[in-house]
Each structure stands twice: as C-alpha cells, then as structure tokens.
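The values are calculated or read from the model by the stated rules, or taken from the named source; none is laboratory data. Computed from a predicted model, the values in this text were never measured in an experiment. Cβ coordinates were reconstructed from backbone atoms using ideal geometry, including for glycine residues, and neighbour counts include every protein chain displayed.
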Amino acid sequence: MENAKLSDLEKTVRWLKDVEIIKSVPQRYAYGLDTRDFASSRALFTDDCFVQGSLNTAPIDEYWTPLVAGVQKYGATMHFMGNQFVKLEEGADEGFVETYAVAYHMEAEGSPYPDLVMGVRYQDTVGRNGNDWIITARRAIPHWVRGPLPRPE
C-alpha cells in the first residue's frame, strides 16, 4: 500500500512539474523576443512546427524570418503574459496551453508611426522534449489591435 501511495505521489508531482514547465514555454518565448534573444525563442519550437500567426501562416522557419524582422523594426517590445489554461493528461507526452497576452510594440523616439498594442491568445500544442516541453503547433489569435498592423514602411 505504501508503494502505491508513493507511486501516486510521484505521478502527481511529475504532472504538476510538467504543467509549470508548459506554462513557462510561452513566457520564455516572449522573454526571448523582448530581450532580442531570438535564438532562445526559436529553440522553443520543433523544426516541423506550423504557425498560424496574426500576419501569416507558415512552417516555423518560413514564419520566423519575417517575425524577427518585424520585431526589430520597433524600438522595444514588451509582452505582458496573463491568464493561462493548460490541458495535460497524467503521464502524457503531448499537451496544450493557451496564454492571453498584451503585446506592446513601441516605436523608437521620433518615429512618425503610432505604437502598436494588441491583445493576443497564443494556443500552443506542446510535446515533451526530454525534461522540457516544446511547441509543436501554434495559433496566435489577435483579439484587438490598437495601432497599425502591419507596421507601415
């Protein structure tokens, strides 16, 4: 009986740990973009990941290049990550996380363009990657937009 309880406890602790790591994936993505550490953000996606984004839909590498170029046009970005919903069955190697975010895209001082601020829901299918989790598919749904999207040239 003691071993069965310990096994259940171990399963619960593993599940709780996995949920916390899964929650951190979109947060680490945003941190990488905002600090301009694009390689760390890209590393959170599988090479065969497909992304449905606010401006285009494509396999990750095709999606990533214009995303980085777009972010670099702004003086600064700041993603405020909010509510999260995680769906993960105990012992599963695939899960889902939905994250609400407000993404601030701030123009450089003196820019003729207004800042862009948007409310986004990131819907990420994630898979176990060793002791970590990684995005296998993403859908970014803009809920509201204040400012020009796409950014004027």
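So which residues in the stretch 27-44 are of a type outside the set (K, R) and assigned to a helix (DSSP H, G or I), if there are any at all? Working first, answer last.
Residues of the stretch 27-44 that are of a type outside the set (K, R), as a first pass: 27, 29-35, 37-41, 43-44.
Those that are of a type outside the set (K, R) and assigned to a helix (DSSP H, G or I): Q27, Y29, A30, Y31, G32, L33, D34, F38, A39, S40, S41.
Looking only at the stretch 13-40, which residues are in contact with a Gly (Cβ under 6 Å, 6 or more places away or on another chain) and surrounded by fewer than 15 Cβ atoms within 10 Å (Cβ to Cβ)? Can you show your working first?
As a first pass, look at the stretch 13-40 and keep what is in contact with a Gly (Cβ under 6 Å, 6 or more places away or on another chain): 22, 40.
Across the stretch 13-40, the qualifying residue is only S40.
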* Could you check, for the stretch 41-48, whether at least one of its residues is in contact (Cβ under 8 Å) with a residue 12 or more places away in the chain, β-branched (V, I, T) and surrounded by 17 or more Cβ atoms within 10 Å (Cβ to Cβ)? => no
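Could you pull out the residue among E10, E62, E2 that is surrounded by fewer than 17 Cβ atoms within 10 Å (Cβ to Cβ) and modelled with pLDDT of 95 or more? Step through it out loud before you land on a result.
On the way: E10 fails: modelled with pLDDT of 95 or more; E2 fails: modelled with pLDDT of 95 or more.
Matching residue, one of E10, E62, E2: E62.
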* Asked: Where in the stretch 45-153 are the strands (runs of 3 or more DSSP E), entirely inside, with at least 2 residues that are of a type in the set (V, I, T)?
  -> 45-52, 76-87, 94-106, 116-129, 132-146
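In the set G147, G110, G91, G82, which member is under 16 Å from A30 (Cβ atoms), surrounded by fewer than 16 Cβ atoms within 10 Å (Cβ to Cβ) and either at pLDDT 95 or above or more than 16 Å from the chain's Cα centre (by Cα) (or both)? Quick ask: steps written out before the conclusion?
Working: G147 fails: under 16 Å from A30 (Cβ atoms); G110 fails: under 16 Å from A30 (Cβ atoms); G91 fails: under 16 Å from A30 (Cβ atoms).
Exactly one of G147, G110, G91, G82 is under 16 Å from A30 (Cβ atoms), surrounded by fewer than 16 Cβ atoms within 10 Å (Cβ to Cβ) and either at pLDDT 95 or above or more than 16 Å from the chain's Cα centre (by Cα) (or both), namely G82.
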